[in-house]
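The values are calculated or read from the model by the stated rules, or taken from the named source; none is laboratory data. Predicted model, so just to flag it, every value in this text is computed and none were measured. Counting neighbours? That spans all protein chains shown, and the Cβs are built from the backbone with ideal geometry, glycine included.
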Amino acid sequence: MIVTFDHSVDEAGNIATFYFETEKLIHYTAGQFVELTLKHAHPDKRGIKRWFTLSSSPNEKLISITTKFAKEHGSSYKKALKSLKKGEQLTISDPMGDFVLPKLIQTPLIFVAGGIGITPFKSILSWLSEVAEKRPIKMLVGVNNEDEIVFQDVINKSKIHTTVVVSEPSNAWGGEVGRLSSELILGLEEPSDETLIYISGPEPMVEHLEKDLKKAGVKKDQLVLDYFPNYGEKY
Ligand SMILES: Cc1cc2nc3c(=O)[nH]c(=O)nc-3n(C[C@H](O)[C@H](O)[C@H](O)COP(=O)(O)OP(=O)(O)OC[C@H]3O[C@@H](n4cnc5c(N)ncnc54)[C@H](O)[C@@H]3O)c2cc1C
């Protein structure tokens, strides 16, 4: 499907949201992603296609994606994205993925977002607020520094119990300090057999937490995972 770039909004630090108009109504579930093709002059080896979670809620007129820009060695794709002008056209795939809410409204949920991995939760929390649906959710957000904290307005509006943990805070930071870990996740609340733990973020981080949580006794089918590739080698 063809989409038309409308505008972008700087969220914080190197993070921005890009809004697009769709040629016809697009149906998706909060938490799903698309492949976005951006043709541009002289693409590098990383090419002209990327997967992005839709950070918009399915109720919004425009669809959006939110991404982080590397301080150095950023791709030609991201440079082209940053220089989009209103009216330019791109192509998206159909929305896909199962990083979505479970059908049973009473299922206890733990949401864990690592940095830019906040995007599917932004969509899900916006949607829950819009439809006034209440779910038992606890959320943990991990960032490197305060500059990476985004969508606080959406989180606050959702009234979901959220802990933000910063690994390299400034002196002004008065909150939790540290990195996302299985201890922090399991410390939020003792998961029952029904609890689902959703984790989204850079691939090495998600893999690390997956391994540690399984070691701590969490069953494979209690984990719902969204791996973002190309955001670093290790965790
Ligand atoms: C299901 C799914 C959902 C996703 N959702 C999102 C989302 O909502 N938001 C989002 O931002 N991303 C998302 N991603 C990841 C996205 O598709 C890109 O992989 C990511 O944004 C990195 O983009 P980039 O390759 O243009 O690198 P850049 O962002 O430009 O750079 C990232 C890093 O790559 C390093 N790098 C340098 N050279 C190379 C090289 N040759 N190959 C690889 N890396 C190199 C850079 O040093 C830099 O640190 C998602 C991925 C999946 C699979």
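Here is a yes/no grid of residues against (1) closer than 20 Å to Leu223 by Cβ; (2) touching a Gly at 6+ places or on another chain (Cβ under 9 Å); (3) not aliphatic (A, V, I, L, M):
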{"site": "Lys85", "(1), (2), (3)": "no, no, yes"}
{"site": "Leu90", "(1), (2), (3)": "no, no, no"}
{"site": "Ser93", "(1), (2), (3)": "no, no, yes"}
{"site": "Leu101", "(1), (2), (3)": "yes, yes, no"}
The conditions are (1) surrounded by 16 or more Cβ atoms within 10 Å (Cβ to Cβ); (2) within 14 Å of the ligand (Cβ to nearest atom); (3) not assigned by TED's automatic domain parsing to the domain that holds Tyr28, and Met139 fails exactly one of them. Which is it?
(2)
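How many residues, within the stretch 62-74, are in a loop (DSSP other than H, G, I, E, B) and touching a residue at least 12 places away in the same chain (Cβ under 8 Å)?
Of the residues in that region, 4 qualify.
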Within the stretch 190-235, how many residues turn out to be at negative phi, more than 16 Å from the ligand (Cβ to nearest atom), without any contact (Cβ under 8 Å) to a residue 60 or more places away in the chain and outside any helix (DSSP H, G or I)?
5
Could you tell me which of the residues Ser182, Ser93, Ser167 is within 14 Å of the ligand (Cβ to nearest atom) and surrounded by fewer than 21 Cβ atoms within 10 Å (Cβ to Cβ)?
Ser93
Scanning the stretch 112-139 residue by residue, those among the hydrophobic types (A, V, I, L, M, F, W, C) and out of contact with any Pro (no Cβ under 9 Å at 6 or more places or on another chain) turn out to be Val112, Ile118, Phe121, Ile124, Leu125, Leu128, Val131, Ala132, Met139
Condition check for Lys122: part of a helix (DSSP H, G or I) and among the charged types (D, E, K, R)
yes
Ser56 - would you say it is surrounded by fewer than 21 Cβ atoms within 10 Å (Cβ to Cβ), small (Gly, Ala, Ser) and either on the phi > 0 side of the Ramachandran plot or not assigned by TED's automatic domain parsing to the domain that holds Gly175 (or both)?
no
Counting only strands (runs of 3 or more DSSP E) wholly inside the stretch 1-52, the ones holding at least 3 residues that are under 16 Å from Glu88 (Cβ atoms) are 2-12, 15-22
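Within the group Phe33, Phe99, Phe52, Phe69, which residue is in contact with a helix residue (DSSP H, G or I) (Cβ under 7 Å, 6 or more places away or on another chain), under 24 Å from Tyr198 (Cβ atoms) and aromatic (Phe, Trp, Tyr)?
Result: Phe99 is the single residue among Phe33, Phe99, Phe52, Phe69 that is in contact with a helix residue (DSSP H, G or I) (Cβ under 7 Å, 6 or more places away or on another chain), under 24 Å from Tyr198 (Cβ atoms) and aromatic (Phe, Trp, Tyr).
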